[in-house]
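Working notes for the structure below.
The values are calculated or read from the model by the stated rules, or taken from the named source; none is laboratory data. Just so we're clear, the structure is a prediction, and the values are computed from it rather than from any experiment. Virtual Cβ from ideal backbone geometry, glycine too; neighbours counted across all protein chains shown.
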């Protein structure tokens, strides 16, 4: 039985929407934090080495471009896009491991929903025939 390609495409689109939502919320995330956490977060970022901050920003920008390419490729049913998306997921997961971070409830919710959708997309991509060429 073939996996439903329209369902897969809908999951990819929903994942893209949640990624956009998460990025949008992240830009204003400090406004959603209590004052104490916002102050701690600002002080933590200010105390970081500027070279590390620049490197993280560059890696994040490259990851965002790769994520967009992966989403477009998955929407077009390309097998390479599943590997790109998995690599981006691992990259962003590893970026979170080196230090504490603070995020608001709305950002945590949207990021978790995006992760769940992306997990479903990758499970379908790797464990089903949805990306196989049409017969």
Could you grab me the full set of residues in region 102-131 that are without any contact (Cβ under 8 Å) to a residue 24 or more places away in the chain and more than 15 Å from the chain's Cα centre (by Cα)?
-> 123, 127
Within region 25-44, the residues that are under 22 Å from residue 93 (Cβ atoms) and surrounded by 11 or more Cβ atoms within 10 Å (Cβ to Cβ) are 25, 26, 29, 41, 44
Do we find that residue 97 is surrounded by fewer than 15 Cβ atoms within 10 Å (Cβ to Cβ) and within 25 Å of residue 129 (Cβ to Cβ) in this structure?
-> no
Subset of region 21-36, residues part of a helix (DSSP H, G or I), at pLDDT below 85 and out of contact with any helix residue (DSSP H, G or I) (no Cβ under 6 Å at 6 or more places or on another chain), comes to 31
When the residues of region 8-17 are filtered to those that are in contact (Cβ under 8 Å) with a residue 60 or more places away in the chain and more than 16 Å from the chain's Cα centre (by Cα), which remaining residue is surrounded by the most Cβ atoms within 10 Å (Cβ to Cβ)?
-> 8
Of all residues in region 18-37, count the ones that are farther than 16 Å from residue 119 by Cβ and under 19 Å from the mean Cα position of the chain (by Cα).
-> 9
Only one of (1) surrounded by fewer than 17 Cβ atoms within 10 Å (Cβ to Cβ); (2) not in a helix (DSSP H, G or I) fails for residue 77. Which number is that?
-> (1)
Inspect region 61-70 for any residue being touching a helix residue (DSSP H, G or I) at 6+ places or on another chain (Cβ under 8 Å), touching a residue at least 60 places away in the same chain (Cβ under 8 Å), part of a helix (DSSP H, G or I) and within 15 Å of residue 122 (Cα to Cα) and give the result as yes or no.
-> no
Scan region 80-94 for residues that are under 17 Å from residue 23 (Cα atoms) and surrounded by 14 or more Cβ atoms within 10 Å (Cβ to Cβ) and report the count.
-> 5
Here the residues within region 74-97 that are farther than 22 Å from residue 13 by Cβ and more than 10 Å from the chain's Cα centre (by Cα) are 94, 95, 96, 97
Mind listing whichever residues of region 100-112 are surrounded by 11 or more Cβ atoms within 10 Å (Cβ to Cβ), in contact with a helix residue (DSSP H, G or I) (Cβ under 8 Å, 6 or more places away or on another chain) and part of a helix (DSSP H, G or I)?
-> 106, 107, 110, 111
